[in-house]
Every structure is written in C-alpha cells, then in structure tokens.
Amino acid sequence: MDCKIFFEDVLTEKYNITSPDSTYYASVKKRWDNAAKPLDSLGIFEDIIARMGSILKTDDLKLDKKAVIVMCADNGVVEEGISQSGSDVTLAVASAMGENKSSVCRMAAVNNTKIIPVDIGIKSDEIIPGVLDRKVAKGTRNFAKEPAMTKEEMCCAIQIGMDMVSDLKHEGYSLIGTGEMGIGNTTTSSAVAMALLKRDAKELVGRGAGLSDEGLDKKKSVISDALKKYELNGPDADVLTILQTVGGLDIAGLVGVIIGGAVYHIPIVLDGVISAVAALVAVRIFPGVKDYIFASHIGREPAMKYIFEELELKPVIFGELALGEGTGAVMMFSLLDMALSLYNEQTTFEDIKIEAYKRFI
C-alpha cells in the first residue's frame, strides 16, 4: 500500500465541491430549443446534455474521449457462502478484461470507450497483463468475523479513485463511467446500503449473480447479523465507519472516482448497484457530489430503486441489467452519442423555413 496522503486527513480541508456553472446549462438548453423539433422532445437527454455542459463549462459539447474505470477486488465475506462463485472468478474476469475479451470490452468497442480495469484488491499475487496495478490488499477480510478494511486501506482506495480521475482529466477525457468486478460485492454493497438507508434485508438484498432461495436467505442473515454486530443500524453510524466495516475495496475506489468527478469537473455515469452504493457514500460525505453523477440504468438489485430515490437520480435504461463491469454505463454512452449527434449537427427551424416552437411554461 503506497498512498501519498490519506483521504480522511484532508476530508474537510482540501476538497471544496463547487456547483456546476448554470450559465452553460441555460446555453445548452437554448441550443436544444433551436433544433427543428418539438420543445423538450428528447426528454431526459436534453437535461442530461445540459447538465454535462454545465459541468464541463461549455455549450460546444464533445464527449469523444470517454472511459470506464472498472475496480476489481475480492471480498472476504465470500467465505460465508453468500455467492454462487468463488473468488477465483474475480481474477479470471479481470484477466479477460486485461486481454480486452470481457463483456464490457466487447461492448465498449462499439462506441470507442476505453476500459480501464484496476486491480485494487484481487486475492492474488499475480501481476495481470493489461490491468492497472493499484492493489491495496489481497481482498478484504470476512466482515462476518471482523471489519472488512482498516481505515488506512479504505482511505487509500478512495484516494486511488480520485487520482485516476485527475489523471484522466489531464489526458483530455470528458466522460467517465464506473464499473466493478468482484465476487461477493452485491453482499458488501447491500450491507452498506442497509446501514445507510436504514431499511431491512427483505427490501434491499437481491440474488446477485443468481442465488437460490436458500442462498438468498443466508446472504440476508449474514448481512443483518454483521450490522447488529458492529452496531451499524443506529442513527449515529458514521458513513466512513460503515464503508470500512462492511464495504469493499471496489466500493471505496469508486467512492473516490465519484468524488473525483466533482473535484475535477467531469461527469460520472454510474453502472449498477455497486456504483450506486458508492455514489450514496460519496454524497453522504460531500452532498455537492450529487450534481456530477448520472444513472445509466435501474438493474435487478432492489437496493438501486431506493438509492436513486434518495439521490434524486433518473435512470435512463430500464432493461433489468445485472451484468456489472460497467456495461450499463457503456450502453448509456451510445445513447448519449446519438443525442449529441442531434445537438451538434442539428437542423434548425431556420434551415427548414418554419416557425419555431414557443415556450409557454
């Protein structure tokens, strides 16, 4: 573990999250209104593009350089039998990403998205070709028995995520998606969500990659017991303590990515439930982060609905996705490309010599 600074040390001192620039939001909306189409007829996409313009401080939007950061990590709670697969699958899928062969890599080739797999906590000594080595630890501890991470490990993972956004900003990227790979991470994310939202397991805990009824009951029981063990159900449970105790290195890394989007003014597109939980953590730390995040889809995991309600996020895709890896974010990127093609190369009312629509409300 080699972190220059620990995130917690600068939590209230360094990061002044400013709001996106509303003048660019208005400018983008005005340009939308000039397109030869009914007002607001592209629905949520007009607002999304305007919000991204306000973040990037431009009405000449180009989202050609886009990337998905895929945080890969193992979770010690897998020992409790809460997953259909073992930790070896995390290494196998991360290796496939490094070879550009995984599901998200195939999909990303369609819209020229760069996939950046990151070993932030895989349970292996291997240096994986094509995977960025940012290993904090070889997986977390089993939170059924002891806290998942030390404070230093958690803070280091957050800092890694933030630093990656800084690097991409300097490389000219203007859009970042979040992704993850790690067996057991719907258990860690459900545990964090339960502790933060104060809802019970029957509302928030899903089947992950496909648990049986018996397996789902075991998963709910393991999470509920852990929250009681560490007294995380009460109103005084601190967000960072929750993350450290029952979270994962992938979640912590994504918290850093999401906060980094707000610090460095880059829009962040969330993928599935693990990304959603990371966003909830990030917003609980810095409320202003909410202005910089976008929800790509609403997946099968039940916690997503409640998280997006709290964050007031409107997901774009309702496809019952459950693949992970950042695939939902990549799918949204293609939709954004199509919306931007109209925004940037629009036919105006003047071009077709008809009277423009008037806005009355």
Within the stretch 90-101, identify whether any single residue is part of a helix (DSSP H, G or I), among the polar types (S, T, N, Q), in contact with a strand residue (DSSP E or B) (Cβ under 7 Å, 6 or more places away or on another chain) and at pLDDT 95 or above, and answer yes or no.
yes
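Among the candidates ASP9, ASP2, single out the residue that is surrounded by fewer than 16 Cβ atoms within 10 Å (Cβ to Cβ), at pLDDT below 95 and assigned to a helix (DSSP H, G or I).
Details: ASP2 fails: assigned to a helix (DSSP H, G or I).
The conditions single out ASP9.
May I ask you to verify whether GLY139 is touching a residue at least 60 places away in the same chain (Cβ under 8 Å), in contact with an Asp or Glu (Cβ under 9 Å, 6 or more places away or on another chain), buried (at least 16 other Cβ atoms within 10 Å of the Cβ) and more than 30 Å from LEU175 (Cβ to Cβ)?
Details: touching a residue at least 60 places away in the same chain (Cβ under 8 Å): yes; in contact with an Asp or Glu (Cβ under 9 Å, 6 or more places away or on another chain): yes; buried (at least 16 other Cβ atoms within 10 Å of the Cβ): yes; more than 30 Å from LEU175 (Cβ to Cβ): yes.
Against the criterion (touching a residue at least 60 places away in the same chain (Cβ under 8 Å), in contact with an Asp or Glu (Cβ under 9 Å, 6 or more places away or on another chain), buried (at least 16 other Cβ atoms within 10 Å of the Cβ) and more than 30 Å from LEU175 (Cβ to Cβ)), GLY139 qualifies.
Please tell me if VAL222 is among the aliphatic types (A, V, I, L, M) and part of a helix (DSSP H, G or I). If you could, list the steps in order and put the result at the bottom.
Details: among the aliphatic types (A, V, I, L, M): yes; part of a helix (DSSP H, G or I): yes.
Yes: the conditions hold for VAL222.
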Return the only residue of ILE82, ILE49 being at pLDDT 95 or above and not basic (Lys, Arg).
ILE49
Are there any pairs with C-beta distances below 9 angstrom linking a residue in the stretch 72-83 that is without any contact (Cβ under 8 Å) to a residue 60 or more places away in the chain and under 19 Å from ASP125 (Cα atoms) to a residue that is of a type in the set (A, V, I, L, M, F, W, C) and surrounded by fewer than 24 Cβ atoms within 10 Å (Cβ to Cβ), with the two at least 6 apart or on different chains, and if so which?
none
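When you scan the stretch 342-359, do you find a residue that is of a type in the set (A, V, I, L, M) and within 30 Å of SER102 (Cα to Cα), even just one? Show your work before the answer.
The first filter runs over the stretch 342-359 and keeps only residues of a type in the set (A, V, I, L, M), leaving 342, 352, 354, 356.
Next, only the ones that are within 30 Å of SER102 (Cα to Cα) stay: none.
Among the residues of the stretch 342-359, not one is of a type in the set (A, V, I, L, M) and within 30 Å of SER102 (Cα to Cα), which makes the answer no.
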Residues (assigned to a helix (DSSP H, G or I) and of a type in the set (S, T, N, Q)) located in the stretch 12-58
SER22, THR23, SER27, SER54
Search result, residues across the stretch 155-208 that are in a loop (DSSP other than H, G, I, E, B) and not small (Gly, Ala, Ser):
GLU171, TYR173, ILE183, LYS198, ARG199, ASP200, VAL205, ARG207
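If you check GLU152 against the conditions, is it modelled with pLDDT under 95, part of a helix (DSSP H, G or I) and in contact with a Leu (Cβ under 9 Å, 6 or more places away or on another chain)? Before the answer, list the steps.
Values: modelled with pLDDT under 95: yes; part of a helix (DSSP H, G or I): yes; in contact with a Leu (Cβ under 9 Å, 6 or more places away or on another chain): no.
No: the conditions fail for GLU152.
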With respect to the numbered conditions (1) over 27 Å from ILE48 (Cβ atoms); (2) part of a loop (DSSP other than H, G, I, E, B); (3) over 20 Å from the mean Cα position of the chain (by Cα); (4) in contact (Cβ under 8 Å) with a residue 12 or more places away in the chain, which one is the sole condition not fulfilled by VAL110?
(1)
Of the residues in the stretch 267-323 that are surrounded by 17 or more Cβ atoms within 10 Å (Cβ to Cβ) and of a type in the set (Phe, Trp, Tyr), the one that is farthest from SER22 (Cα to Cα) is TYR306
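Every residue, every condition in (1) touching a Leu at 6+ places or on another chain (Cβ under 6 Å); (2) in contact (Cβ under 8 Å) with a residue 40 or more places away in the chain; (3) within 20 Å of ILE116 (Cα to Cα); (4) in a helix (DSSP H, G or I), yes or no:
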{"position": "VAL269", "(1), (2), (3), (4)": "no, yes, yes, no"}
{"position": "ARG284", "(1), (2), (3), (4)": "no, yes, no, yes"}
{"position": "PHE294", "(1), (2), (3), (4)": "no, yes, yes, no"}
{"position": "ARG300", "(1), (2), (3), (4)": "no, yes, no, no"}
{"position": "GLU309", "(1), (2), (3), (4)": "no, no, no, yes"}
{"position": "GLU320", "(1), (2), (3), (4)": "no, no, no, no"}
{"position": "GLU325", "(1), (2), (3), (4)": "no, yes, yes, no"}
{"position": "PHE333", "(1), (2), (3), (4)": "no, yes, yes, yes"}
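Is there a residue being among the hydrophobic types (A, V, I, L, M, F, W, C), assigned to a loop (DSSP other than H, G, I, E, B) and under 25 Å from SER103 (Cα atoms) anywhere in the stretch 210-218?
Narrowing the stretch 210-218 to residues among the hydrophobic types (A, V, I, L, M, F, W, C): 211, 216.
This time we only want the ones that are assigned to a loop (DSSP other than H, G, I, E, B), so: 211.
Within this subset, residues satisfying the condition of being under 25 Å from SER103 (Cα atoms) are 211.
Yes, some residue in the stretch 210-218 is among the hydrophobic types (A, V, I, L, M, F, W, C), assigned to a loop (DSSP other than H, G, I, E, B) and under 25 Å from SER103 (Cα atoms).
The values are calculated or read from the model by the stated rules, or taken from the named source; none is laboratory data. This structure is a prediction, so every number in the text was calculated from the model and none was measured. All Cβ positions, glycine included, derive from the backbone under ideal geometry; neighbour counts span all protein chains shown.
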